[in-house]
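None of the figures in this text is laboratory data; all of them are computed from the coordinates on show. As the structure is a computational prediction, the values presented were derived from the model and not from experiment. When we count neighbours, we look across all protein chains shown, and the Cβ atoms used for this are built from the backbone with ideal geometry, even at glycine.
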Amino acid sequence: MTALSYNNWHSLSDTALTEQIGDFVKHHRLEQNKTQDKLAHAAGISRSTLSLLERGKTVTLATLIQVLRVLDKLHVMDFFTVQQSISPLAMATLEQGKRKRARNNKTNDLEETDW
């Protein structure tokens, strides 16, 4: 697996990126001492499809997810988590609408009770 810094990802072509993904899959498959046949069977894909993935060729996203699941590498999906953020302007608008003080509502104090 070739070492690339995070800053260089944007400068790679699509082909180079898919080759990096293939290298990642192959590295972890070999690290776990799994043959292409065993990994492909466990992922529910053909060996030739796994071979395409490892060579950086076009495969479906579902195929990649199945392989990552079998390799126990789904944690890479953490990078795709969307963090909800609120703009400072929207935050200020929300803060403006919040109550700043409690009022002494005399009409509620005078209501009769069943006691």
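Assorted remarks:
- Rounded D (µm²/s) - the range 7-69, Kirkwood Rh over Cα pairs, Stokes-Einstein at 10 °C, 1.306 mPa s: 134 µm²/s
- Positive-end residue, the range 11-81 charge dipole about Cα centroid, Cβ charges, pick of Gln20, Thr81, Ser48: Ser48
- Just so you know, the Cα atoms of the chain work out to an Rg and Dmax of 27.5, 81 Å.
- Non-local lysine pairs in the chain, meaning eight or more places apart or on different chains, with alpha-carbon distances under 22 Å, amount to 10.
- For the range 87-94, putting each phi into the Karplus relation 6.51 cos²θ - 1.76 cosθ + 1.60 with θ = phi - 60° gives couplings of 6, x, 5, 5, 5, 5, 5, 5 Hz, in residue order, rounded to whole numbers and with x for Gly and Pro.
- Contact order relative to length of the chain, as percent, for alpha carbon pairs under 8 angstrom and 6 or more apart: 21 percent
- What you get for the chain, charging only the Cβ of Lys and Arg (+1) and of Asp and Glu (-1), is a dipole of about 200 debye around the Cα centre.
- Note, ³J(HN,Hα) from phi for the range 76-81, Karplus 6.51, -1.76, 1.60, rounded to Hz, x at Gly and Pro: 5, 5, 4, 6, 9, 6
- Karplus-derived 3J(HN,Hα) values for the range 49-63, using 6.51 cos²θ - 1.76 cosθ + 1.60 with θ = phi - 60°, are 5, 5, 4, 4, 4, 5, 8, x, 8, 6, 9, 6, 5, 4, 4 Hz; glycine and proline are entered as x.
- Most fluctuating residue given options Ser51, Ser87, Ser13, as computed from a GNM of the chain linking Cα atoms under 10 Å: Ser87
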